[in-house]
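Working notes, beginning with the structure itself.
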Number of protein chains: 2
Amino acid sequence: MREVAVIGIGQVKIGELWEQSLRGLAGDASLLAMQDAGLAHVDSVFVGNMMSSSANHQQHLGAYLADWIGMRHSDALRFEAACSSGAAAFRSGVMAIASGQLESALVLGVEKMTDSPGSEITFSLATAADADWELDQGLSFVALNALVMQRYMHEYGWKKDDFASFSINAHANAVHNPYARFHEPITLKDYQRAGMVADPINLLDASPIGDGAAAAVLVPLENLGKKPARPTIKVIASTAATDTISVHDREKPTWLKAVEISSKQAYQQAGLQPTDIQVFELHDAFSIMAALSLEASGFAQPGKGPQLALDGQITPKGKIPIATRGGLKARGHPVGATGMYQIVEVVQQLRVECGETQVENVRVGMVQNIGGSGSNIITHILQRL
Amino acid sequence: MREVAVIGIGQVKIGELWEQSLRGLAGDASLLAMQDAGLAHVDSVFVGNMMSSSANHQQHLGAYLADWIGMRHSDALRFEAACSSGAAAFRSGVMAIASGQLESALVLGVEKMTDSPGSEITFSLATAADADWELDQGLSFVALNALVMQRYMHEYGWKKDDFASFSINAHANAVHNPYARFHEPITLKDYQRAGMVADPINLLDASPIGDGAAAAVLVPLENLGKKPARPTIKVIASTAATDTISVHDREKPTWLKAVEISSKQAYQQAGLQPTDIQVFELHDAFSIMAALSLEASGFAQPGKGPQLALDGQITPKGKIPIATRGGLKARGHPVGATGMYQIVEVVQQLRVECGETQVENVRVGMVQNIGGSGSNIITHILQRL
């Protein structure tokens, strides 16, 4: 099995980008990543995307985007695993390079969501849940997460305000990320005044959708020269685990079993412990998901996730910095692209390019992308050599 | 790079299966494949599917189906490359096993199309073409192929009847395949009387859609015991190439450049010539595509594809047998599942399980799945050891 390195990254600012097309966004991020990698050609184009079928009436994004960015005749595919589509493409790219089948891969996450009516997007997002057992009962994604958060508060005795620090940290960090959707810091008062979406999830617990694209270039580590221009970033773990598609089928709805499996496998692959992870870009689609991810990944005991946030341990200067570029909450959540934004951001941390939110002396970072309500978890650990 | 073997196959009969759900179909084919492989558990579930978003309002099929078939917590993903989604999943499974990341993969193609109105399916199929440059001009998939066929007939002087042998062979073979959608042989007269769909493509030039699922189990060759119960089927080539998404962007619309690239790479990987291929399951979505695939894969000179059919060389007793189980034309074309039916059928040939349409003394078979109008080509060569 060949070792794999990330040699280029690119991203576009997330927003409601009326003036940009799906291929425009994808092309911009891709060409930035290839320029950053110093490559004019790649063997393959791996695209993570969730909802172009409904939102853009365009499928077959592999061939479609390979053609657009000038990589005609390359190997190209689309990967879909709901909100973990970006990491799914990245993991497949890692395996393709590791297998020896390909010598370079452009991995791209893209989503163009805001051209569709909001009701259609809410419906499309819900197709990541079980159509028969969840959708047909009228559950949306935010409603599913609200049920989990209510249960969690009931079980462990947390109050609503105890979750505010997750959003405050995310928004504070996004201020310094030019690619983030939001650049406004928020206070506890803002959080308390935010409109309720699905009790107890309010507007400042929920990540915003958006249009966006982010990309990375992968090559075999053995193909790099002895003195590369940039710090070498190596993929030291790549794992994935699923859980029941329906939340109600789980033994304990407040424990992300697949996060536990995927994280443990990742630590094992990398030969590391949770305490070795210096930055963790997790999937804070809702503040409850940030708490649950910290617990199941081994950074907090069950039921103790919010304490880490309250103690300031999730900020760039804390024990386990998360959402250092704004996270899903404030950088934004263009669903199929999110996993690739997370990868790009950890590479930026490892390259020491994060300015005000740079984690000090960082050499090892973890990235975790979640599809569905905890039903597909893809974890990567990256290391600067 | 580890070598990869196919140790189990499963499929369901294609049809308009009102009484079956998407997961029912997928589950049946998967469990048949696992039973055939003698495995009770697999590491991963790779799903090829094109249109569950629009046709079934269900995405996230990796986690959804892994859960359904009892492989909860496994690694699971969905792959989409239009009508080549099945082979895309298979190729990704091959690379995953080859990389050393996984020890077993259930690869599954599934499509449940007939619950939706035909107009919606026609529209969904067309999302494999370019939404801006083809769909918006009112082109459907059959219309695109009709333009190519007209041009081909004009360039090379073929008459409409010259294409009949492709459909006659496919239907004759499907009679003996219990999993095929159609079991009626057809004559030249039937072909001549068939209703026109988009001139010159008539009903007997076009493959039928359908509901279906087919699956295979992959493991590293090195994990097989010394005396396996079944003949060992090894994957000796796996390649993919794309072309322009729009047909009008090609230098020569009647030449499948990506087929040429993908096939040549496959021969090179396997160390073989076209003359070594003893059975070829190609992508005969339309009879013109069968002719073009034979040419670009090196079995006929440009413009001479129909001659092979007229000379009887594409039948199970001919030089290059195609559609030996009915092909897309008569076995049926449940789009995202088709690539896996093709794989299953070549494995059946190599295991000498094809009865009346068995190719004699066969040890090497090629499989080629096409997405879009020749815009994504995935080729595999399998060999019985």
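The values are calculated or read from the model by the stated rules, or taken from the named source; none is laboratory data. This is a predicted model, so every value here is computed, not measured. A quick note on method: Cβ atoms are made from the backbone with ideal geometry, for glycine too, and the neighbour counts reach across all protein chains shown.
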Query raised in the report: Which condition breaks for residue A:18 when tested against (1) more than 14 Å from every other protein chain (Cβ to nearest Cβ); (2) within 28 Å of residue B:58 (Cβ to Cβ); (3) modelled with pLDDT under 95?
Result: (2)
Report task. Scan the range A:186-214 for residues that are in contact with an Asp or Glu (Cβ under 9 Å, 6 or more places away or on another chain) and either closer than 14 Å to residue A:14 by Cβ or free of Cβ contacts under 8 Å to residues at least 12 places away in the same chain (or both) and report the count. Result -> 8
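Given the condition of a type in the set (Val, Ile, Thr), within 13 Å of another protein chain (Cβ to nearest Cβ) and in contact with a helix residue (DSSP H, G or I) (Cβ under 9 Å, 6 or more places away or on another chain), answer yes or no: does some residue in the range B:263-283 qualify? Working first, answer last.
Taking the range B:263-283 first, the residues of a type in the set (Val, Ile, Thr) are B:275, B:277, B:279.
Restricting the remaining residues to those that are within 13 Å of another protein chain (Cβ to nearest Cβ) gives none.
There is no residue in the range B:263-283 that is of a type in the set (Val, Ile, Thr), within 13 Å of another protein chain (Cβ to nearest Cβ) and in contact with a helix residue (DSSP H, G or I) (Cβ under 9 Å, 6 or more places away or on another chain).
Okay, residues lined up against (1) within 21 Å of the chain's Cα centre (by Cα); (2) modelled with pLDDT under 95; (3) buried (at least 24 other Cβ atoms within 10 Å of the Cβ):
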position	(1), (2), (3)
B:216	yes, no, yes
B:228	no, yes, no
B:235	yes, no, yes
B:241	yes, no, yes
B:250	no, no, no
Query - Selected residue [small (Gly, Ala, Ser) and within 22 Å of the chain's Cα centre (by Cα)] from B:131, B:194, B:198, B:170 - result: B:170
Requested in this report: Could you list all residues from the range B:33-55 that are surrounded by fewer than 24 Cβ atoms within 10 Å (Cβ to Cβ) and either among the polar types (S, T, N, Q) or within 19 Å of the chain's Cα centre (by Cα) (or both)?
Outcome: B:35, B:54
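Specify which of the listed residues (B:105, B:146, B:164, B:170) is within 14 Å of chain A (Cβ to nearest Cβ) and either over 25 Å from residue A:23 (Cβ atoms) or of a type outside the set (Gly, Ala, Ser) (or both).
On the way: B:146 fails: within 14 Å of chain A (Cβ to nearest Cβ); B:164 fails: within 14 Å of chain A (Cβ to nearest Cβ); B:170 fails: within 14 Å of chain A (Cβ to nearest Cβ).
From the options B:105, B:146, B:164, B:170, the qualifying one is B:105.
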Report summary line: All-but-one check, residue A:155 against (1) in a helix (DSSP H, G or I); (2) surrounded by 15 or more Cβ atoms within 10 Å (Cβ to Cβ), failing number (2)
Query raised in the report: Do we have any residue at all in the range B:326-344 that's outside any helix (DSSP H, G or I), within 21 Å of residue B:363 (Cβ to Cβ) and among the β-branched types (Val, Ile, Thr)?
Result: no
Query raised in the report: Can you name the number of the only condition in (1) surrounded by fewer than 23 Cβ atoms within 10 Å (Cβ to Cβ); (2) of a type in the set (Gly, Ala, Ser); (3) more than 14 Å from chain A (Cβ to nearest Cβ) that residue B:138 fails?
Result: (3)
**Report entry** Residue list for the range B:363-381, restricted to those being touching a Cys at 6+ places or on another chain (Cβ under 9 Å) and not in a strand (DSSP E or B)
**Finding:** B:372
Report summary line: All-but-one check, residue A:105 against (1) farther than 19 Å from residue A:30 by Cβ; (2) in contact with a strand residue (DSSP E or B) (Cβ under 7 Å, 6 or more places away or on another chain), failing number (1)
Report task. Please enumerate the residues belonging to the range B:48-83 that are touching a Lys or Arg at 6+ places or on another chain (Cβ under 8 Å), more than 8 Å from chain A (Cβ to nearest Cβ), of a type outside the set (A, V, I, L, M, F, W, C) and farther than 19 Å from residue A:335 by Cβ. Result -> B:48
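Just give me the residues in the range B:176-185 being in contact (Cβ under 8 Å) with a residue 60 or more places away in the chain and surrounded by fewer than 19 Cβ atoms within 10 Å (Cβ to Cβ), in sequence order.
B:176, B:178 - these are the residues of the range B:176-185 that are in contact (Cβ under 8 Å) with a residue 60 or more places away in the chain and surrounded by fewer than 19 Cβ atoms within 10 Å (Cβ to Cβ).
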**Report entry** Scope the range A:296-315; condition crowded, with 22+ Cβ neighbours inside 10 Å and within 19 Å of residue A:355 (Cβ to Cβ); matching residues
**Finding:** A:314
Requested in this report: Kindly list the number of the only condition in (1) out of contact with any helix residue (DSSP H, G or I) (no Cβ under 6 Å at 6 or more places or on another chain); (2) more than 14 Å from chain B (Cβ to nearest Cβ) that fails for residue A:10.
Outcome: (1)
Query raised in the report: Which of the residues belonging to the range B:84-102 are under 21 Å from the mean Cα position of the chain (by Cα) and within 7 Å of chain A (Cβ to nearest Cβ)?
Result: B:88, B:92, B:95, B:96
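Within the range A:1-40, how many residues turn out to be without any contact (Cβ under 8 Å) to a residue 40 or more places away in the chain and either under 19 Å from residue A:64 (Cα atoms) or aliphatic (A, V, I, L, M) (or both)?
Summing the residues that are without any contact (Cβ under 8 Å) to a residue 40 or more places away in the chain and either under 19 Å from residue A:64 (Cα atoms) or aliphatic (A, V, I, L, M) (or both) in the range A:1-40 gives 3.
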